[in-house]
1. From the set of residues in segment 127-144 that are over 22 Å from K112 (Cβ atoms) and out of contact with any helix residue (DSSP H, G or I) (no Cβ under 9 Å at 6 or more places or on another chain), which is surrounded by the fewest Cβ atoms within 10 Å (Cβ to Cβ)?
2. Does segment 13-36 hold any residues that are farther than 15 Å from A100 by Cβ, small (G, A, S) and in contact (Cβ under 8 Å) with a residue 12 or more places away in the chain, and which are they?
3. Out of the residues in segment 76-90 that are surrounded by 12 or more Cβ atoms within 10 Å (Cβ to Cβ) and touching a helix residue (DSSP H, G or I) at 6+ places or on another chain (Cβ under 6 Å), which is farthest from A145 (Cα to Cα)?
4. Looking only at segment 65-93, which residues are touching a residue at least 60 places away in the same chain (Cβ under 8 Å) and in contact with a strand residue (DSSP E or B) (Cβ under 8 Å, 6 or more places away or on another chain)?
5. Could you tell me whether any residue of segment 5-21 is outside any loop (DSSP other than H, G, I, E, B), at pLDDT 90 or above and within 19 Å of the chain's Cα centre (by Cα)?
6. So which residues in segment 54-104 are touching a Ser or Thr at 6+ places or on another chain (Cβ under 9 Å) and small (G, A, S), if there are any at all?
7. Please go through (1) more than 16 Å from the chain's Cα centre (by Cα); (2) surrounded by fewer than 18 Cβ atoms within 10 Å (Cβ to Cβ) for F47 and return the number of the only condition it doesn't satisfy.
8. The conditions are (1) under 28 Å from E11 (Cβ atoms); (2) modelled with pLDDT under 90; (3) surrounded by 12 or more Cβ atoms within 10 Å (Cβ to Cβ), and G93 fails exactly one of them. Which is it?
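The values are calculated or read from the model by the stated rules, or taken from the named source; none is laboratory data. Worth saying up front: this structure is predicted, and the values here are computed from it rather than measured. Cβ coordinates were reconstructed from backbone atoms using ideal geometry, including for glycine residues, and neighbour counts include every protein chain displayed.
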Amino acid sequence: MPRRKRQFVREWKPDALHNNTLVGHFVGMIMWNGKKSAAENIIYDAFEIIHGRTKKSGLNIFEQAIKNVSPLLQLKSRRVGGANYQVPVLVSGERRQVLAMRWIRDACRKRKGKRIAEKLADELLDASNKTGAAMKKRDETHRVAEANKAFAHFA
């Protein structure tokens, strides 16, 4: 009998402006208290700020940032013989995107001072240039996974 509940795959609807399911999923992650239109406005404002600074499409910068921040490895706890081991495992495609979006969102929320759209634009630009807090989180995850490579045979 399985120990975990069954996970249901959720189909994310594409956003209204770009017709992109990745942006639609990110809108759902940014959203607070069911205010979807406010979350969409934040993301679209961030895309406009990015376009004003770089003269590139905000959507392209967003996709590049997600691709850069996506982790290849993650740690899973395995209990073997009364001891818990952190075992590095490869991350699947959907989970990679979810982790990348979560890390970008959290890094954006931790920034101080500006309005949320400007903080999101800064974090997306940093992530697309392979810098910033979200990239630091990814590199730290990879570093710990490499350090625990000795336990990979428990996977």
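1. Per the criteria, the residue is R143.
2. Those that are farther than 15 Å from A100 by Cβ, small (G, A, S) and in contact (Cβ under 8 Å) with a residue 12 or more places away in the chain: A16, G24.
3. Within segment 76-90, the match that is farthest from A145 (Cα to Cα) is R78.
4. L72, L73, Q74, L75, K76, R78, Y85, Q86, V87, P88, V89
5. Residues of segment 5-21 that are outside any loop (DSSP other than H, G, I, E, B), as a first pass: 21.
Within this subset, residues satisfying the condition of being at pLDDT 90 or above are 21.
Filter again for within 19 Å of the chain's Cα centre (by Cα), leaving 21.
For segment 5-21, residues outside any loop (DSSP other than H, G, I, E, B), at pLDDT 90 or above and within 19 Å of the chain's Cα centre (by Cα): present.
6. A65, G93, A100
7. Going through (1) more than 16 Å from the chain's Cα centre (by Cα); (2) surrounded by fewer than 18 Cβ atoms within 10 Å (Cβ to Cβ) one by one, F47 breaks only (2).
8. It is condition (3) that G93 fails.
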